[in-house]
Amino acid sequence: MKNIIKILLMALLFFSVANAKELDKQLIINKMIDTYGGEEKLLQLLNYKQTWNIEFMSSDNSGFDKREIIMPDYLRTEIIYPNKTEIRVLNKNSAIKIFSGKTTPIKGPMINAVKLQLMRLYSPLVLKSKLDNITVSQNSKQYIFELEKSGVKVEYIVSKKTLLIEKTIGRLQMGPQQLEFLTKYEEYKSVNGVMVPHKEIKFVGSLNTAVMTLDKNSFF
């Protein structure tokens, strides 16, 4: 009987700790905001432009990625390849693609791919505003925040040591197939008082597709 009571007490203690950690997601994100430079500095990541150098891993080619971001609903990306340029624009729930001078709407599952591109750029300040739609778990070294929005799921993997986002994992359902998009963030540096990653390593599934390095960053 005593053993049964001990087991029940241990179980209650375990669930109490687990629930407490679940309730700590706001506290963790507040600490992340401080680490990134504080709320006032992080406001800069609501509106900004960046230019990235791209190395395409499937070839010897390189190019550029020009981004314009207005959080939480607008993203314009211009991918410049050696022999072509492609522009994608997301504005809330509508998106277009501009290629060879022709503008076409992006619909169906492909619009979720563009939404994923924007969601993976959410800063801790944006994540805080979506706290009700976020669940959190952990392992020994990382916090794992999962956000689901309009059918798109993104995991934000946060280092317990640095409280910086180490990688994001986005999952999309394309027909019967689920695709996984992983981006690793490295070489964080302070830009005007806010921590910004200067290197992105991209994967589709297990395939490394690109390595990107930040060239220019401007807030507006």
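Assorted remarks:
- Measuring nothing but how far apart in sequence close Cα pairs (under 8 Å, 6+ apart) lie, relative to its length, the stretch 36-150 scores a relative contact order of 15 percent.
- Kirkwood estimate for the stretch 108-220, i.e. one over the average of 1/r between Cα atoms, Å: 15.0 Å
- Under the Debye formula (equal points on every Cα, no solvent term), log10 I(q)/I(0) of the stretch 49-93 at q = 0.29, 0.30 Å⁻¹: -1.00, -1.03
- The residues packed around ASN30, meaning those with a beta-carbon under 13 Å from its beta-carbon, carry a net charge of 0 if Lys and Arg are +1 and Asp and Glu are -1.
- Scattering profile of the stretch 62-165 at q = 0.12 Å⁻¹ [log10 I(q)/I(0), Debye over alpha-carbon scatterers]: -0.49
- Each of GLU39 and GLU180 was given a label point 7 Å from its Cα along the Cα-to-Cβ line. The distance between the two points is 3.6 nm.
- For the chain, relative contact order (Cα pairs under 8 Å, six or more residues apart, normalised by length) works out to 20 percent.
- The portion of the accessible surface of the stretch 82-220 made up by carbon and sulfur, rounded to a whole percent, is 50 (1.4 Å probe; DNA, RNA and ligands excluded).
- Restricting the stretch 44-123 to trypsin sites (Lys or Arg not before Pro) that sit in a DSSP loop and have at most 12 other Cβ atoms within 10 Å of their own Cβ leaves LYS84, LYS92, LYS107.
- Normalised Debye scattering of the chain at q = 0.10, 0.12, 0.13 Å⁻¹ gives log10 I(q)/I(0) of -0.50, -0.69, -0.80, counting only Cα atoms as equal scatterers and leaving out solvent.
- Pairs from LYS102/LYS184; LYS115/LYS189; LYS41/LYS167; LYS49/LYS107; LYS25/LYS66 whose Cα-Cα separation, in the structure shown, is over 28 Å: LYS102/LYS184; LYS25/LYS66
- Considering helices alone, the calculated mean residue ellipticity of the chain at 222 nm is -7500 deg cm²/dmol, with DSSP H runs of length four and up weighted by -39500 (n - 2.57) and normalised per residue.
- GLU78 sits with roughly 40 Å² accessible to a 1.4 Å probe, with DNA, RNA and ligands left out of the calculation.
The values are calculated or read from the model by the stated rules, or taken from the named source; none is laboratory data. What you see is a predicted model, and the numbers here were worked out from it, not measured in a lab. Every residue, glycine among them, receives a Cβ derived from its backbone with ideal geometry; neighbour counts consider all protein chains shown. These accessible areas exclude ligands, DNA and RNA; they are computed on the full protein's heavy atoms, side chains included. Shrake-Rupley method; radii C 1.70, N 1.55, O 1.52, S 1.80 Å.
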